[in-house]
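First comes the structure, then the notes that go with it.
Throughout, read-outs are computed from the coordinates displayed, never taken from laboratory work. Quick caveat, the model's predicted, so the values are computed rather than measured. When we count neighbours, we look across all protein chains shown, and the Cβ atoms used for this are built from the backbone with ideal geometry, even at glycine.
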Amino acid sequence: MSKPSEFDDIPGTLVFDGERSRQGYHLNMFCMSLMKPENREAFRADGRAYLVRFPMTPEQAQSILDRDWNRMLELGGNIYYTAKLAACDGLSFQQIAALMTGMTQAGYAEMMLHGGRPIEGNRSKSEWDRG
Amino acid sequence: MSKPSEFDDIPGTLVFDGERSRQGYHLNMFCMSLMKPENREAFRADGRAYLVRFPMTPEQAQSILDRDWNRMLELGGNIYYTAKLAACDGLSFQQIAALMTGMTQAGYAEMMLHGGRPIEGNRSKSEWDRG
Amino acid sequence: MAEILAGVVCSHVPAIGAALDNGKAGEPYWRPLFRGFEPSKAWIAQLKPDVVILVYNDHGSAFSLEMIPTFALGCAAEFAPADEGWGARPVPVVEGHPELAWHIAQSVILDEFDLTIVNKMDVDHGLTVPLSLMFGQPAQWPCRVIPLAVNVVQYPPPTGNRCYNLGKAIRKAVESFDQPLRVVIFGTGGMSHQLQGPRAGLINPEFDKRFLDRLVADPQALARIPHVEYVREAGSEGIEMVMWLIMRGALDDTVKEVYRFYHVPASNTAVGHMILENVAPGAA
Amino acid sequence: MAEILAGVVCSHVPAIGAALDNGKAGEPYWRPLFRGFEPSKAWIAQLKPDVVILVYNDHGSAFSLEMIPTFALGCAAEFAPADEGWGARPVPVVEGHPELAWHIAQSVILDEFDLTIVNKMDVDHGLTVPLSLMFGQPAQWPCRVIPLAVNVVQYPPPTGNRCYNLGKAIRKAVESFDQPLRVVIFGTGGMSHQLQGPRAGLINPEFDKRFLDRLVADPQALARIPHVEYVREAGSEGIEMVMWLIMRGALDDTVKEVYRFYHVPASNTAVGHMILENVAPGAA
Ligand SMILES: [Fe+3]
Ligand SMILES: [Fe+3]
């Protein structure tokens, strides 16, 4: 049911395998519901009340209310689904990516303009530990 | 897009290939809608009005109103879908099967009790033509 | 390690479910049929599988023409009986086995089967009638069930060969699952029947019996039967038998036939049923 | 007889669509990117294909977690742009080619690809951004489009080898269609990008360029790259590149590279684009 363990050595990366998919099912289905304008309005009007429609865990609901983008992924969210929450908030993919890296928006944009995050030093968790 | 032509030699048999599926799309989607009790009620209350929800051809709508089970298939219906209309009418699979063969209910039931329609003489259209 | 102990084939005629649900199982028309399944009920009650992988076809109930998957594996925690136009069957909700189902899904996709993973699906008579025949009318089904829905409604269904090989991939997946589960696989649908048009009621017992014989002894030959032969010889809905090859592929090359039953008619249909055991269960 | 004339690969970053839709294509950030597609727009305007087979992945827009098909072929007459959370893109409705799509579906299923046939599907940026890049902003798309949605969101995606072989089966299907259609196949997604978590923004131009080189000259080697290598080297969403192999499988073993463009950045992503022609179009 899980992916091969080699994936676990890739730093800063969660693979959306069956286990995560089951864990995050309702969180992701909530995100997808925001594709309908009427749902976006209801969610914007009262987020906590809207979330009750989706039987997720309290931690998952809180991560959404906190807009804690990394936490959502740790709790089974998938980036393509959480991106719909970002879109509902008027945030671009680049804006939430910067938030997830812990960099400033300007710093992240600058990194991208200079060719992005290099692969050297970012292949293996062992490289991050050393850094 | 169509099936191999050998299928066309089988008597009394329509294969639900892509062509038929496209032709019968709305007719079959109508049948499937009858899986919901509220839709069955609406259809029973006013069949003609209910059918307007599905953009099918006038011939298809008429075949439904006429409960012309063979005609529905000729117009792209699939038996597993039209069976939902039968169920809504309180008819069993055996009852509509008898109707489609042109036999009486008693005659069809009797045939089934005696082992069903034999394969001999029923493999090829040429055998039906001879008969 | 999980293990596939046996395979069951079994027709899934809706009228059988209706007869049971409406208390008609004791009537002269139905009594011989249900009597034919008594040894099977005793057999499976003794075997006590943890999980049944149930190969069947949806009959335009869970899947509409909007989306037609060739192979759809049910990975959800539960599956409700479908309302096929006369209300849902009064049978228990089907409990799935998400861990094993996801494991199978991952394994067979990496083995290059292009599965559709399904997490929300009502199950129609194609799935619930075989459960009723094998387990009777309990308040709760005695084991978990993983539904595998195969398209045989929209032409073209998968080839027999593809089904047979999918069975082999499922077996490999089950045997690489790290819990000691006892698994039985059901292949359902068939035998000869035609529900549509002027040829409705077609029954070809010679074809059916030879199919059962070869299912035991020469499944590779069966896997080469073209679709047109099923439709011509066994009726337009006889094509459902192609699904039995998935069950067969998941068993040993050599199996022991422990039970066989063949009956005509159930409504428009011949009913075929067989139990096959792997020769050395526990030795795998 | 229909014929596949050429293949196009092209990233499908949502920000590219937003830049076009919001009139920002002339801004310094975006100008180099759109300029890189000018030769391609001229090329395809001259080629005038009747049909584009567009291989892409749905990003949780048409398919939810309820049902996750590995390969889903769009057989409908039209496909509306999806609302991905900020309203649908203001681009034309996509007209399908149901006859050819159904023909391909039938042919590849009989060739033992376990396709899901889809008759109702909204199409997200994965499909509409490549159309915008290649055709600009017309009032109506200049050709029919057959969407082929590949699962790369839920692990596991199909293997590269499976994608490559599906491309070959699609080619065979197209060439057995009895209308003289001129077909181009697009492979979209990639190149290196990671959208999630602390490693977001990863760009690996060496991997990307080597991928483009091998896509031309040694696709068989590419087809053996395991999933983990895409994720490690090209980022978690770099796995989308596996879809390019479907495009490549549908072309000749030897192809002519007529154009290549590589650009960093578009939002979080490297953009890769290439046009490959069959060496002897018309000779097939
Ligand atoms: Fe059936
Ligand atoms: Fe993408």
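Just tell me which lysines come within less than 23 Å, Cα to Cα, of A:LYS84; anything on the same chain fewer than 8 places away is out.
Once the sequence-local lysines are set aside, what remains near A:LYS84 is A:LYS36, C:LYS120, D:LYS24, D:LYS120.
Separation between the D:ASP213 and D:GLN179 pseudo-spin-labels, each 7 Å from Cα along Cα→Cβ, expressed in nm?
4.3
Can you give the charge dipole size of the stretch B:13-89 about its Cα centre, rounded to the nearest 20 debye, using +1 on the beta carbon of Lys and Arg and -1 on the beta carbon of Asp and Glu?
Details: 10 positive and 10 negative charges, 38 e Å.
Magnitude of the dipole: close to 180 debye.
Quick check: net charge around C:GLY190, other residues with Cβ under 11 Å of its Cβ, Lys/Arg +1 and Asp/Glu -1?
Values: positive: none; negative: C:ASP208, C:GLU237, C:GLU240.
Here the count lands on -3.
According to a simple spin-label model (label point 7 Å from Cα along Cα-to-Cβ), what is the distance in nm between A:THR57 and C:LYS48?
The two pseudo-label positions are separated by 3.3 nm.
With r as the distance between the Cβ atoms of D:LYS256 and A:GLU110 and R0 = 22 Å, compute the FRET efficiency 1/(1 + (r/R0)^6) and round to 0.05. List each step's numbers first, then the result.
Working: r = 39 Å, r/R0 = 1.77.
Efficiency for this residue pair is about 0.05.
How charged is the neighbourhood of D:VAL152? Take every other residue with its Cβ under 10 Å from the Cβ of D:VAL152, and add Lys/Arg as +1 and Asp/Glu as -1.
Working: positive: none; negative: D:ASP58, D:GLU237, D:GLU240.
Here the charged neighbours net out to -3.
List the aspartates and glutamates whose Cα lies under 20 Å from the Cα of D:LYS41, skipping any in the same chain that are fewer than 8 positions away.
D:ASP21, D:GLU27, D:ASP50, D:GLU95, D:GLU257, D:GLU277
Extending each Cα 7 Å along its Cβ direction at D:GLU95 and D:GLU38, get the distance between those two points in nm, one decimal.
The answer from the label model is 3.0 nm.
Excluding B:TYR50 itself, what net charge comes from residues whose Cβ is under 13 Å from its Cβ, given Lys and Arg +1 and Asp and Glu -1?
Numbers: positive: B:LYS36, B:ARG40, B:ARG44, B:ARG48, B:ARG53; negative: B:GLU38, B:GLU41, B:ASP46.
Local charge sum for B:TYR50: +2.
Which order results if D:SER61, A:SER33, A:SER63, B:SER5 are arranged by neighbouring Cβ count within 10 Å, fewest first? Could you put the intermediate results ahead of the total?
Working: D:SER61 25, A:SER33 19, A:SER63 22, B:SER5 8.
So the residues, fewest neighbours to most, are B:SER5, A:SER33, A:SER63, D:SER61.
Fewest first, what order do D:VAL231, D:VAL258, C:VAL52 take by the number of other Cβ atoms within 10 Å? Mind showing how you got there, number by number?
Working: D:VAL231 21, D:VAL258 13, C:VAL52 26.
The most exposed by this proxy come first: D:VAL258, D:VAL231, C:VAL52.
In the protein assembly as shown, what % of DSSP beta bridges are antiparallel (nearest 5)? Don't skip to the answer; put the middle values down first.
Working: 48 of 94 bridges.
Among the beta bridges of the protein assembly as shown, antiparallel pairing accounts for roughly 50 percent.
If you find the alpha carbon centre of the stretch B:40-76 and of the stretch A:42-99, how far apart are they in angstrom?
45
Let's see if you can work this out: charge +1 on each Lys and Arg Cβ, -1 on each Asp and Glu Cβ, no other charges. What is the dipole magnitude of chain A about its Cα centre, in debye to the nearest 20?
Numbers: 15 positive and 17 negative charges, 75 e Å.
For this selection, approximately 360 debye.
Could you tell me which residue out of D:VAL9, D:TRP43, D:PRO69 lies farthest along the dipole of the stretch D:1-108 toward its positive end? Charges go on the beta carbon: Lys and Arg +1, Asp and Glu -1, centred on the Cα centre.
Of the options given, the answer is D:TRP43.
Using θ = phi - 60° and the Karplus form 6.51 cos²θ - 1.76 cosθ + 1.60, what ³J(HN,Hα) does each residue of the stretch A:16-33 get, whole Hz, x for Gly and Pro?
Taking θ as phi minus 60°, the curve returns 7, 8, x, 4, 5, 5, 5, 4, x, 3, 6, 4, 5, 5, 4, 4, 5, 4 Hz for the stretch A:16-33.
Could you list C:THR269, C:THR159 so that the one with the fewest beta carbons within 10 Å of its beta carbon is first and the one with the most is last?
Numbers: C:THR269 34, C:THR159 20.
Placing the least packed residue first, the sequence is C:THR159, C:THR269.
Going by a ≥ b ≥ c, the root eigenvalues of the Cα gyration tensor, does the stretch D:56-185 fall in the rounded group (a/c under 1.5), the prolate group (a/b larger than b/c) or the oblate group?
Details: a/c = 1.85, a/b = 1.16, b/c = 1.59.
Note, shape of the stretch D:56-185 comes out oblate.
For chain C, calculate the relative contact order in percent as a whole number, restricting contacts to Cα pairs under 8 Å that are 6 or more residues apart. Write down the numbers at each step before the final one.
Working: 625 pairs, mean separation 87.2, N = 284.
For chain C, the relative contact order is 31 percent.
Across the residues of C:96-103, average count of Cβ atoms on other protein chains within 10 Å? Show your work: numbers first, answer last.
Values: counts 0, 0, 5, 4, 1, 2, 7, 3.
For peptide C:96-103, the averaged partner shielding equals 3.
For the rotation taking C to D, I'd like to know which residue in chain C has the C-beta closest to the axis, plus that distance in Å.
Smallest Cβ distance to the axis, with its residue: C:ASP114, 2.
Note down the magnitude of the dipole of the protein assembly as shown about its Cα centre, charges +1 on Lys and Arg C-beta and -1 on Asp and Glu C-beta and zero elsewhere, to the nearest 20 debye. Intermediate results must be reported in sequence, preceding the final value.
Values: 74 positive and 96 negative charges, 45 e Å.
In total the dipole reaches around 220 debye.
What percent does the relative contact order of chain A come to when contacts are Cα pairs within less than 8 Å and at least six residues apart?
Working: 110 pairs, mean separation 38.5, N = 131.
Relative contact order here is 29 percent.
Do the sum for the protein assembly as shown: with -39,500 (n - 2.57) for every DSSP H run of n ≥ 4, divided by all residues, what is the mean residue ellipticity at 222 nm, to the nearest 500 deg cm²/dmol?
Working: 40 runs with 344 residues, N = 830.
My calculation for the protein assembly as shown gives -11500 deg cm²/dmol from helical runs alone.
For the stretch D:80-88, in order, what is each residue's ³J(HN,Hα) by Karplus, 6.51 cos²θ - 1.76 cosθ + 1.60 with θ = phi - 60°, in whole Hz (x at glycine and Pro)?
8, x, 7, 8, 8, x, 10, x, 5
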